[in-house]
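Notes for the one structure printed next.
The values are calculated or read from the model by the stated rules, or taken from the named source; none is laboratory data. Small disclaimer: the values here were computed from a predicted structure and weren't measured. Cβ placement follows ideal geometry from the backbone for every residue including glycine, while neighbour counts extend to all protein chains displayed. Remember, those area values only see protein heavy atoms, side chains included, never the ligands or the DNA or RNA. Shrake-Rupley method; radii C 1.70, N 1.55, O 1.52, S 1.80 Å.
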Amino acid sequence: MTLRVPAPSTVDLSCFGLDAQGRLSDERYFVFYNQPASPCGSIRATGAVGSVDQTFGLNLAALPAGIKRLVFTATIDGAATMKDISTGYVQVGDSSRTVAEFRLQPTDYAGEKALMLIELYWKEEWRLAATGQGFNGGLAALLKHFGGEVAEEKQNPVAVVPPPLPAKVSLSKITLTKPGQTHRVSLEKGAGAPAKLIVKASWTDNGDDSDSNDDLDLRVGMLLPDGRMKFIQAPDFAGSFDSMPFARHLGDVTAASLHAPATETVEVNPAIAQRLGGRVGMVFSVYSAVSNGAVSVASLRPIMKMEYGSQVVECAFDFMKIAASKDDTVYSYVIGLAVIDAEGITLEPSGLTSLPGSENTPWLQWTAQGGLRVTMDGPAVFKGSLAGKAAAFNKNNPRRYI
């Protein structure tokens, strides 16, 4: 099943697995950005969080007997409302064919922040209903509507004993859209702390009918405590999680489509600062090599998401608002910066781009205040070309690359 809701702001697509009374009696069957799959695997979301596309894989036969309805919803962040969407759609089918399609019309909505899109419900067999119902509240309001409870809110005392409620659901996701905005992610310690810090960069096909120019790459520059720089990227310099540099790229993705955004993932060891002896700076950039074909990287709408357990931070700078978005010879875009110390991570979006025609990489330096300074004058490092470029750049250069 594919849901598509183009919008000028971050859109979150979710699935509520409800019982016969229309209640979320088991919060594990609320599939959304913080919980992308049900425990039995019968509902599984794929695709970039906040992108206009989300695909839900369903195995209805594997659902527990108590799940009688699946309601698919869309909620929009920021100041935008559903009247600001362009025409979206929901498609139902399998990999070989579409059996049903429901299209949205923005003229049908006003100030709604959420939509109930479609519903699958059990009545002697599984049936499909197109809903398209607007909802004034956002995701938290939808969760309450279906009988769930938001983790950040407290219940007021009541005189009567209410019916049992599911466990509280954490909806905590921070979206950063402007350079200078920052958010601090706490690195938990002790038993039960997440084992990995996960960073994902995602982009979608820009719809220009060319498959040859949708291949971006996620490159991570690392500023070590001693001021030296290191890059990791797939497949040649993927790094290592348990040894230097304590971060690894999980693999190259070479294609994106309007229905299946591409996502490249990096795992970072949460103890990286302790292992390397001090603060570590990281710059996350996406680039399109000249050989990949001329394309406006901004038109692929790259975003970045960092996850540490239930803490989710998204860098969603709108590159289409800057002049570089009109230039097909701007090949590199910085989507996020991070400073990692022993206690946490400070994350911010960037919006910095390379100069037209330049294939230089982002370069980091520590500032006197302990922050990061990023410039686009690092060596042009691409797959298979690391050694020579690094040696040439290091010659007579006070900044060092390893």
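Observations, loosely collected:
- Here Ala323 and Asp377 are evaluated by their C-beta separation; at R0 = 35 Å the FRET efficiency comes out at 0.95.
- The charge dipole of the range 66-124, taken about its Cα centre with unit charges on the Cβ atoms of Lys, Arg (+1), Asp and Glu (-1) only, comes to about 140 debye.
- Counted over all Cα-Cα pairs of the range 69-132, pairs farther apart than 14 Å make up 61 percent.
- The range 223-363 - convex hull of alpha carbons, volume per residue in Å³: 120
- Nearest-0.05 FRET efficiency for Ser96 and Ile198, computed from C-beta distance (R0 41 Å): 0.80
- Computed accessible area, Thr182, all protein chains, 1.4 angstrom probe, square angstrom: 80
- FRET efficiency, Asp84 to Thr46 (Cβ-Cβ, R0 25 Å, nearest 0.05): 0.45
- Of the trypsin sites (Lys or Arg not before Pro) in the range 78-118, the ones in a loop by DSSP (not H, G, I, E or B) with at most 15 other beta carbons within 10 Å are Arg97.
- Here the label points at His183 and Gln369, each 7 Å from Cα along the C-beta direction, are separated by 2.2 nm in the simple model.
- Other-chain or far-sequence residues with amide H under 5 Å of Gln133's (modelled H): Met116
- Near-label residues of the range 221-256 by backbone N, under 12 Å of a point 7 Å along Cα→Cβ of Arg275: 239-249
- Volume in Å³ per residue [convex hull over Cα atoms, computed for the range 298-381]: 119
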